[in-house]
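The values are calculated or read from the model by the stated rules, or taken from the named source; none is laboratory data. Bear in mind that the values here come from a model prediction, so they are computed numbers and not experimental data. Cβ placement follows ideal geometry from the backbone for every residue including glycine, while neighbour counts extend to all protein chains displayed. The area values use the complete protein model at the heavy-atom level, side chains included, leaving out ligands, DNA and RNA. Shrake-Rupley method; radii C 1.70, N 1.55, O 1.52, S 1.80 Å.
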Amino acid sequence: MAPWIFSVLNDLFQAGRGTNTTFLTDQQVPGADLTGKWIIITGSNNGVGFEAAKSFASWGANLILACREPPAWEQHPTAAVNECKDLATANGHSSTIEWWAIDMADLSSVEAFAQKWLQCDRALDILCNNAGIAEPTQQTRITKDGFQAVHQINFLSHVLLTLRLLPSLARSAEPRVICTTSCYHHLGLFDLDHVNGEPGSRGNDYRNNKLYFQMWVVEMQSRLLKRPEYLHITINGVHPGFVASGIWDGLANAGGTPSGLNLLLRYVAITTQQGGLAISHAATSAEFGPDPKRQGVSAGNGRGGGKYINRIWEAPMKSHCNDPEARSRLWIKLDEELGLQEKGLLKGLGL
């Protein structure tokens, strides 16, 4: 068998593993004591982000629900905040839970959100980069910043947010960054010449950006490990599962939901509650915490970051994620798109 055929078949197999419908129980995701911890989670007014926020609230965390003003078909963040507060109270916690507006389709909004947090002068314990949209099939939306919407909302804005919040994360004893990637990253194409979805691009912008996101997770972790002040930070990508969530509602309202997808959502997809557990597990389990042998730190007994987690199980990544040269090219491309070096966001992390 030709090597490229084996590679394609392996990617299809790994992507297919993402449809695992194993029901997660309290024994598999037992939760953690998050009393006093601060968590920011983007896209948390509905879907898997909201379910993860509910778990965090039940476990005692202080929460910032980072969400845009939503369209009519989505739950409003104020309702999400109220439900999380009720859960916290019911479990005996007196937590701070707030909605802070952020629009991932507007880089100035991301910058303003980050500055608002940094001005609070708090350590950030967990950052969940979860917000995302499905890719329209009938139209291509370009943001005010000039980027294809999927590229910016699902990927670029989270890169910017994470780098801005690094000083706050570094102040925590065991900080974690959780990025909602996808099993679809195995079907993505590494095509930096058309990274913004320009004419001539190959493949699907959604899965391509999930590949870029997972590649960035691995590269980011490798660079964090080279800086003494960042050794204790772990960053992982997690596929929450094939979930019947609100991410598909926007696609339906744009008239772009294929009938085949509707059948899969009805008969194959897992619930948002089950998908949310994947995020909360990655954010709290010892398994995906700091690895003292790898990182040279005393805290933690996990296996470290730079992983791809298929629901709650570590799984292989697409080959590009393990290619330092390809990851470096992506890192340079991100600097070109976001002006990271000019903003002073690559100090100690290099190009």
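Annotations for the structure displayed:
- Residue within region 206-227 that is surrounded by fewer than 18 Cβ atoms within 10 Å (Cβ to Cβ), assigned to a helix (DSSP H, G or I), among the small types (Gly, Ala, Ser) and out of contact with any Ser or Thr (no Cβ under 9 Å at 6 or more places or on another chain) present: yes
- Matching option when the condition is more than 20 Å from Gln341 (Cα to Cα), among the small types (Gly, Ala, Ser) and open to solvent by 10 Å² or more (accessible area, probe 1.4 Å), among Ala149, Ala131, Ala170: Ala131
- Qualifying position, being in contact (Cβ under 8 Å) with a residue 40 or more places away in the chain and in a loop (DSSP other than H, G, I, E, B), among Thr25, Thr21: Thr21
- Condition check for Asp33 on (1) at pLDDT 95 or above; (2) open to solvent by 10 Å² or more (accessible area, probe 1.4 Å); (3) of a type outside the set (Ser, Thr, Tyr); (4) under 26 Å from Ile270 (Cβ atoms): one failure, at (4).
- Unique match (being under 18 Å from the mean Cα position of the chain (by Cα) and aliphatic (A, V, I, L, M)) among Ile40, Ile5: Ile40
- Cross-chain or 6+ apart pairs with Cβ under 6 Å, region 120-134 first and at pLDDT below 95, then among the aliphatic types (A, V, I, L, M): Ile133/Ile153; Ala134/Ile247; Ala134/Leu251
- Inside region 36-47, residues that are open to solvent by 20 Å² or more (accessible area, probe 1.4 Å) and either touching a His at 6+ places or on another chain (Cβ under 8 Å) or part of a helix (DSSP H, G or I) (or both) make up a count of 0.
- Selection of first residues in region 311-328 that are of a type in the set (Asp, Glu) and of second residues that are open to solvent by less than 40 Å² (accessible area, probe 1.4 Å), restricted to Cβ pairs under 6 Å at least 6 apart or on distinct chains, gives the following pairs, ordered by first then second residue: Glu314/Lys307.
- Check on Lys293, part of a helix (DSSP H, G or I), in contact with a Leu (Cβ under 6 Å, 6 or more places away or on another chain) and either open to solvent by less than 20 Å² (accessible area, probe 1.4 Å) or over 20 Å from Val243 (Cβ atoms) (or both): no
- Of all the residues in region 77-86, those that are surrounded by 19 or more Cβ atoms within 10 Å (Cβ to Cβ) and in contact (Cβ under 8 Å) with a residue 24 or more places away in the chain number 3.
- Hey, Ala57 under 21 Å from the mean Cα position of the chain (by Cα) and farther than 24 Å from Ser157 by Cβ or not: yes
- Residue pairs meeting the criteria (Cβ under 7 Å; at least 6 apart or on separate chains; first outside any loop (DSSP other than H, G, I, E, B), in region 94-113; second among the small types (Gly, Ala, Ser) and buried (at least 21 other Cβ atoms within 10 Å of the Cβ)): Ile97/Ala57; Ile97/Ala88; Trp100/Ala66; Leu107/Ser157; Val110/Ser157; Phe113/Ala66
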